[in-house]
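Heads up, the thing below is written out as structure tokens.
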Amino acid sequence: MPDDDLLALALVRLDEAARHLSIDPDVIEKLKYPRETTKARLMIRMDDGSRKSFMAWRCRYDDTRGPTKGGIRFHPQANGEEAEALAFWMTFKCAVMNLPYGGGKGAVRVDPRSLSRAELERLSRAYIQAFARILGPDRDIPAPDVYTNSMIMGWMADEYGQIVGESVPAVITGKPLALGGSLGRDDATARGGYYLVRHLAADAGLGAPMRVAIQGFGNAGRHIARLLAADGHRIVAVSDSEGAVFAHGGLDLERLEAAKNAGRSVLSTADGDRHHACSAEDLIATDCDLLVPAALENMIHGRNAASVQARVILELANGPVTPEADGILARNGVVVLPDILANGGGVTVSYFEWVQNRQGYYWTLEEVHERLRTIMEREGRAIWTTSKEAGITVRTGAYVHALRRLAAAIEAHGTQQFFAAG
Ligand code: GLU
């Protein structure tokens, strides 16, 4: 199976989990296909007066457990199949975290770095104009994803409000605080992963201090570096789309942050003294305890999985490990804390934001952190126990855990058995 057939790769995990549960075949049939994928061509005026168009998608994969939920990514390689695979993962992620949502995802095929701020605003508003009919706080609720941020969510929420004629903050999460965002949403993906790894460290054979390698230094990668370093762990390697740096004694995070804030690659901090340059591929094979993929899909695959030296992989990215790599890692005793659990902190705090918007009552940062920690630990522990008892990987355990909840919701509408007996 080619590595780029993302939905087919994602469905391998569904089949695997179904083998460990006795569920109605109706359930699998329902979860095998996206419910609806809408495609649109967004046409915007560029700063020089010309018009340019961009392809865009929104997939609502399954809404049995509630309105569909999931981010919108802006990426030059974005496509409809990727949006469907990502929406499939959101369906399972929301079930893993027990949030009252189904799964969705959106995408625009664009390199956002090639647009001016005004062009980016027009594109963000055009996305909402194209998809407003399928969005809504009880229907489909977007959020940030790769290369989108709170400012973009603010523009989008505003555009939606203008279309429907009233302010509807709960239609989008990850908004700026001043527009109804939640405290703690900015670092929620990383923080959720951090709480999870801290809670399961001893079970997964991790001691302290840990040596950590992080692939991707965007929102999730930067925040997890900061959280782990604050606990005394050593960040020994990080990469971005241009390259990687390592330091056996630990990287200087302030220097890395300063480079990123100035729009430079982490590679620009290499000085041949403390920070050494290496390739992104080398980063996967770094001698470390914890490897954190925090970039894009399919980064650890059949050709490089055997080089992983880490004891544990924390998947802050969506879909960073292919099914083929899963098998190699399991044989080598590497524990993978899977995306649908490990990066579930982002959508969990999105859920908190939606709840606060609907109540019109806002929580303190401590309340957000405490509620997030409780959920990460509760679901993480349940999945860990399921995996150990059944002798399956944590990933399959997470799918089993989610599938039980999805099956209960699908079966509550009636199954073939129920209708045939009537
Ligand atoms: N894009 C994030 C994810 O993949 C967050 C989604 C959300 O908050 O709805 O989980």
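The values are calculated or read from the model by the stated rules, or taken from the named source; none is laboratory data. A quick note: this is a predicted structure, and the numbers were derived from the prediction, not measured. Glycine gets a Cβ as well: all are built from the backbone with ideal geometry, and neighbour counts include every protein chain shown. For the accessible areas, the whole protein counts, side chains as well, though only heavy atoms, and no ligand, DNA or RNA atoms are used. Shrake-Rupley method; radii C 1.70, N 1.55, O 1.52, S 1.80 Å.
Are any of the residues in region 28-43 under 28 Å from V400 (Cα atoms), in a strand (DSSP E or B) and within 16 Å of the ligand (Cβ to nearest atom)?
There is no residue in region 28-43 that is under 28 Å from V400 (Cα atoms), in a strand (DSSP E or B) and within 16 Å of the ligand (Cβ to nearest atom).
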> Only one of these conditions is not met by D48: (1) loosely packed, with under 15 Cβ neighbours inside 10 Å; (2) in contact (Cβ under 8 Å) with a residue 40 or more places away in the chain. Which number is it?
Replying inline: (2)
> Which of the residues that make up region 64-83 are part of a helix (DSSP H, G or I) and surrounded by 22 or more Cβ atoms within 10 Å (Cβ to Cβ)?
Replying inline: E82, A83
>> Condition first: more than 25 Å from the chain's Cα centre (by Cα) and among the small types (G, A, S). Can you find one or more residues in region 23-43 that meet it?
In response: no
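Under 29 Å from A208 (Cβ atoms) and in contact with a strand residue (DSSP E or B) (Cβ under 8 Å, 6 or more places away or on another chain), is that true of I375? Full working, then the answer.
Values: under 29 Å from A208 (Cβ atoms): yes; in contact with a strand residue (DSSP E or B) (Cβ under 8 Å, 6 or more places away or on another chain): no.
Against the criterion (under 29 Å from A208 (Cβ atoms) and in contact with a strand residue (DSSP E or B) (Cβ under 8 Å, 6 or more places away or on another chain)), I375 does not qualify.
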>> As an exercise: evaluate G104 against (1) within 11 Å of the ligand (Cβ to nearest atom); (2) part of a loop (DSSP other than H, G, I, E, B) and give the number of the one condition it does not meet.
In response: (2)
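Check A330, A398, A407, A390 and return the single one that is touching a Ser or Thr at 6+ places or on another chain (Cβ under 9 Å) and open to solvent by less than 50 Å² (accessible area, probe 1.4 Å).
Only one candidate qualifies: A398.
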> Does R139 satisfy the condition of being open to solvent by less than 10 Å² (accessible area, probe 1.4 Å), under 30 Å from A408 (Cα atoms) and charged (D, E, K, R)?
Replying inline: no
> Looking at V146, is it touching a residue at least 60 places away in the same chain (Cβ under 8 Å) and buried (at least 21 other Cβ atoms within 10 Å of the Cβ)?
Replying inline: yes
>> Yes or no: region 376-399 includes at least one residue that is within 16 Å of the ligand (Cβ to nearest atom), touching a Gly at 6+ places or on another chain (Cβ under 7 Å) and not hydroxyl-bearing (S, T, Y).
In response: yes
> Looking only at region 239-253, which residues are in a strand (DSSP E or B) and under 19 Å from the mean Cα position of the chain (by Cα)?
Replying inline: S239, D240
>> Quick check on region 343-368: of everything there that is in contact with a Gly (Cβ under 6 Å, 6 or more places away or on another chain) and more than 9 Å from the ligand (Cβ to nearest atom), which residue is most open to solvent (accessible area, probe 1.4 Å)?
In response: L365
> For D15, all conditions in the list (1) closer than 19 Å to V108 by Cα; (2) open to solvent by 50 Å² or more (accessible area, probe 1.4 Å) hold save one; what is the number of the exception?
Replying inline: (1)
>> I'd like the full set of residues that are open to solvent by less than 60 Å² (accessible area, probe 1.4 Å) and either out of contact with any helix residue (DSSP H, G or I) (no Cβ under 7 Å at 6 or more places or on another chain) or of a type in the set (A, V, I, L, M) (or both), limited to region 410-422.
In response: I410, G414
>> Just checking, does region 126-136 include any residue being in a loop (DSSP other than H, G, I, E, B) and within 16 Å of the ligand (Cβ to nearest atom)?
In response: yes
>> Being part of a loop (DSSP other than H, G, I, E, B), out of contact with any His (no Cβ under 8 Å at 6 or more places or on another chain) and surrounded by fewer than 17 Cβ atoms within 10 Å (Cβ to Cβ) is the filter here; which residues of region 206-234 pass it?
In response: G207, D231, G232
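Is it the case that L86 is within 11 Å of the ligand (Cβ to nearest atom), assigned to a helix (DSSP H, G or I) and buried (at least 21 other Cβ atoms within 10 Å of the Cβ)?
Details: within 11 Å of the ligand (Cβ to nearest atom): yes; assigned to a helix (DSSP H, G or I): yes; buried (at least 21 other Cβ atoms within 10 Å of the Cβ): yes.
Yes, satisfied.
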>> Could you list, ordered by first residue, the pairs with Cβ atoms under 6 Å in which the first is in region 282-296 and more than 16 Å from A225 (Cα to Cα) and the second is at pLDDT 95 or above and open to solvent by 20 Å² or more (accessible area, probe 1.4 Å), at least 6 apart or interchain?
In response: A285/S307; D287/Q309
> Is there any pair with a first residue in region 62-75 that is of a type in the set (A, V, I, L, M) and a second that is buried (at least 22 other Cβ atoms within 10 Å of the Cβ) whose Cβ atoms are under 6 Å apart and which are 6 or more apart or on different chains, and what are they?
Replying inline: I72/G106; I72/P142; I72/D145; I72/T148
> What about A277, is it assigned to a strand (DSSP E or B) and surrounded by fewer than 19 Cβ atoms within 10 Å (Cβ to Cβ)?
Replying inline: yes
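Being among the aliphatic types (A, V, I, L, M), assigned to a helix (DSSP H, G or I) and either under 25 Å from E315 (Cβ atoms) or within 12 Å of the ligand (Cβ to nearest atom) (or both) is the filter here, so list the residues in region 172-202 that pass it.
Applying the first criterion (among the aliphatic types (A, V, I, L, M)) to region 172-202 yields 172, 177-179, 183, 188, 190, 196-197, 200-202.
Filter once more, so that each one left must be assigned to a helix (DSSP H, G or I): 177-179, 188, 190, 196-197, 200.
Within region 172-202, A188, A190, L196, V197, L200 qualify.
Just checking, which of G193, G180, G165 is in contact (Cβ under 8 Å) with a residue 24 or more places away in the chain and at positive phi?
Details: G193 fails: at positive phi; G165 fails: in contact (Cβ under 8 Å) with a residue 24 or more places away in the chain.
Result: G180 is the single residue among G193, G180, G165 that is in contact (Cβ under 8 Å) with a residue 24 or more places away in the chain and at positive phi.
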>> If I filter region 254-300 down to residues being over 26 Å from N318 (Cα atoms) and of a type in the set (D, E, K, R), which single residue comes out as farthest from the chain's Cα centre (by Cα)?
In response: D273
